[in-house]
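Encoded as structure tokens, the structure appears first; notes follow it.
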Amino acid sequence: MPAILNDPLQPHSHDPNPEPPGSDAAFWLILPDTTQVRITPAQLQTMPRCTVPNCFIVSTGHGTSGPFTFDGVTLLHLLQRYLLPGQPWSQVEVISGDGFGTRIWAAELTSPGITRPILLSDTVDGTPLSREQGLVRLIVPAETDDALRQIKWVRTVHVRV
Ligand SMILES: Nc1nc2c(c(=O)[nH]1)N[C@H]1C(S)=C(S)[C@@H](COP(=O)(O)O)O[C@H]1N2
Ligand SMILES: [Mo]
């Protein structure tokens, strides 16, 4: 019987998947005009880096882990690097290789005074993230409820008008 999937972008109870969906950690940035850019972990390392300390992965199932210091590239930087100046966008859908995801609104990236920005992370506590740990992992520092936005194995970052 085929599985019926929930909308992965709405918060819902979820048993975390421990198993990476394949070994390729590259992801696709999809721009509003449907241009697709493939971004590898090696390319992320050449971009301006950001460190966010005191992050927690709060699992309702297997408890809280952390604090972690995550390192990576801010999602805002990635967008600014590839979007044309003035190109409109309102939200970003971040989806993993195992079909999990979250929707990020522009205000979460661009509001003034953000000190703990949303990251595409490849490093935890100074050590490269393993594929099992989620490489490349979206880290949403402001989410401290249920880890539903801490997306492991990012495969597509879809910027929408
Ligand atoms: N790609 C992906 N990311 C995911 C999940 C998942 O199943 N797939 N589960 C989420 C949930 S419910 C939890 S509790 C955490 C678990 O993170 P951990 O494996 O680092 O403890 O990952 C989150 N991110
Ligand atoms: Mo969870």
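Take the Kirkwood radius over Cα pairs of segment 106-161, plug it into Stokes-Einstein at 25 °C and 0.890 mPa s, and you get 197 µm²/s for translational diffusion.
Between P18, T64, W28, the Cα set farthest toward the positive side of the dipole of the chain (charges on each charged residue's Cβ, about the Cα centre) is that of W28. Determine the relative contact order of segment 1-160: mean sequence separation of Cα pairs under 8 Å and six or more apart, normalised by residue count, in whole percent. Value for segment 1-160: 30 percent.
With a cut-off of 13 Å between beta carbons, the residues surrounding W28 carry a summed charge of 0, where Lys and Arg count +1 and Asp and Glu -1. In the chain, a dipole from Cβ-located charges (positive for Lys and Arg, negative for Asp and Glu) runs towards its positive end, and of I139, T46, G86 it is G86 whose Cα lies farthest in that direction.
Shown for the chain: the carbon plus sulfur share of the solvent-accessible area, taken with all protein chains present and a 1.4 angstrom probe, equals 55%. Rg/Rh for the chain stands at 0.94; both radii use Cα atoms, and Rh follows the Kirkwood definition.
The values are calculated or read from the model by the stated rules, or taken from the named source; none is laboratory data. This is a predicted model, so every value here is computed, not measured. Neighbour counts run over all protein chains shown; Cβ positions are idealised from the backbone, glycine included. The accessibility values were calculated without ligands, DNA or RNA, using every heavy atom of the protein model including side chains. Shrake-Rupley method; radii C 1.70, N 1.55, O 1.52, S 1.80 Å.
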